[in-house]
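These notes are about the structure you will find just below.
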Amino acid sequence: QYEEALMEKCVELTTITERGLHTEDEQVLMSMKSYINETLTSVGQSFSQMIELALTHEIQRLVRQLESSNNIYSIGTAMSSLLSLTQEGAHLCYIIAKEGGVVALFKICRQDYFSCLHAQALKTLASICSVEEGIDQLEKVDGILCLADILTDVSNPEATRAEAAAVVAQITSPHLTFSQHLSSFLENMEDIVTALIIRKLLKKGFLIETQLSTSQVLYNASYFERSQCPMNIVLNAALKCIETKACDKKCNKSTILQRPNEHEQVVTILANMAVLDQCASEVLQENGVQLLLEMLYQKSHSENVSEAAACERVQQKSAVTLARLSRDPDVAHAAVKLQCIPRLIELCRLPTERNNSDSVLVACLAALRRLAVACPESFEDADVQPLIKPRLVDSFLLCTSMEESFV
C-alpha cells in the first residue's frame, strides 16, 4: 500500500517537473512550485511509513525467530540483530517492545537450556527498557522477579548477573519519570539489593560492570519516594559501599570508588539518605564522615572537562551531606575532630580548590554555618566574621571577590 502510494507520487513528481522544463510562465511555475512542495512532503511521509513498516516486519521476523527456534546460533543471531536495532533510537526500541521482544527475551532468560545466551538477552533488554513501552512489558511478564532470581542465584556466571544488574539500573533510572512507581521493583527490592551487596558483588574480583551497575542501582533507588521505598535497605547498602572502600584502602586494593563518577554516585546516595533520622548515627559508625572529608579533597588532575565537572559535584554534594548530617551533634563533633572545618574554609577562600565553582562555595558555606551552630568554639573570629556572621549571600559575594593572596 505505502509502496504503491510512493510510486504514484514519484510518477507525479517526475511528470510535473518535466512540464516545468518546457514553460516560462511565472504563474504556472509558481503553482507548480507549490504543488511540488506538497508532493515532496507526501513522498517523505510515504517513504517514512514504508521504512517503518519494513522495520516492523523485520522485527516481527526476529521475534518469531526467538520464540520458535531451538537453535542457539539462530537465536543468538536474532538477538544481535535486535540489539543493533536498539542502537538506532528510542522509536525502534518501542517497536521491538510492542512486537513482543521483551516477552520473548525473558522467556529465554527463564530457560536453563539457553543459559549461554542469558547475558546477551539481558543486554538487549537493558536497551529496550530505555523506553516506557519496554518497562511496561517488563512489568507484565514479571521481569523484575526474573532479574531478582538471576541476581540471587550464585551459580549464574558473573557476566550474566552483571547484565541483570544493568537492566535493573536502567529501569530504575531517575531520569525515566515513568519508572518511579515500579511496584514489582519495590516488592523485590530487598532481594535485589541483598544480591548486589550481601553477595559481595562490590568486592574485588568481580567485573567492573557489575560494580558500576550495583552503585547505579543504589543511586537510582535513593531517588524513589520515601513513602514507596524502604530507605533503610538503600541506606544499609550505601554504608556497605563505604565499608568496602575502607576495607580496600586498608588492604591497598583497587576499589570501585576510584573515579569521580563513582564517588558522585555514593555521595549522592548519602545526600539523599541524610534526610533520614537514623542515617547520621549509622554513617558515623561506618566512618562515613571520614569518607566525606576525603571527597572534599576530590580534585581533577587532568584537563578533561567532564571529569572536572564530576569532581565539582562530588565536593558540592559532600558538603551538602555533611551539612545535613551535622544536625546530629555527634556527627558535628566528629567532623570537627577530623579537621573538616579547615578544608571547608579552604574551599571557600581558595577558588582554585573548588575549580571556581559557585555551587561548591554555597554548599561549603552552608556546612560551615551548620557546624558553627553545633560547635561554635571550633571557629576563630577571623573565620566567623566573613564566613559565618553575615547573611549567606553576603558571605558568598565576599568569597567570590577574594583573591588567593588574601589568605
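None of the figures in this text is laboratory data; all of them are computed from the coordinates on show. What you see is a predicted model, and the numbers here were worked out from it, not measured in a lab. All Cβ positions, even for glycine, are placed from backbone atoms using ideal geometry, and neighbour counts span all protein chains on display.
With a threshold of 32 Å on the Cα-Cα distance, the over-threshold entries among Lys299/Lys389; Lys33/Lys98; Lys9/Lys107; Lys9/Lys140; Lys337/Lys389 are Lys33/Lys98; Lys9/Lys107; Lys9/Lys140.
Computed log10 I(q)/I(0) for segment 1-141 at 0.18 Å⁻¹: -0.92, from the Debye equation with unit scatterers placed on every C-alpha and solvent omitted. One compactness figure for segment 64-103 is 1.16, namely its Cα radius of gyration divided by 2.2 N^0.38 Å. Rounded to the nearest Hz, the phi-derived 3J(HN,Hα) couplings of segment 125-139 under the Karplus curve 6.51 cos²θ - 1.76 cosθ + 1.60 (θ = phi - 60°) are 4, 4, 6, 5, 7, 7, 10, 4, 4, x, 5, 4, 5, 4, 4, where x marks glycine and proline.
Fewest-first ordering of Cys348, Cys340, Cys375 by other beta carbons within 10 Å of each residue's beta carbon gives Cys375, Cys340, Cys348.
Once the chain from Leu40 to Asn70 is taken as fully extended at 0.36 nm per residue, the excess over their C-alpha distance is 6.2 nm.
Going from the fewest other Cβ atoms within 10 Å to the most, the residues His263, His301 appear in the order His301, His263. Express in whole angstrom the spacing between the alpha-carbon centres of segment 334-389 and segment 110-135. Value for the Cα centre distance between the two parts: 48 Å.
What residues from segment 297-314 fall in the zone where the backbone N is under 14 Å from a label point 7 Å along the Cα-to-C-beta line of Asn356? Backbone N within reach: 309.
One chain, two ends: Ala308 and Cys10. Fully extended at 0.36 nm per residue, the span grows by 101.9 nm beyond their Cα-Cα distance.
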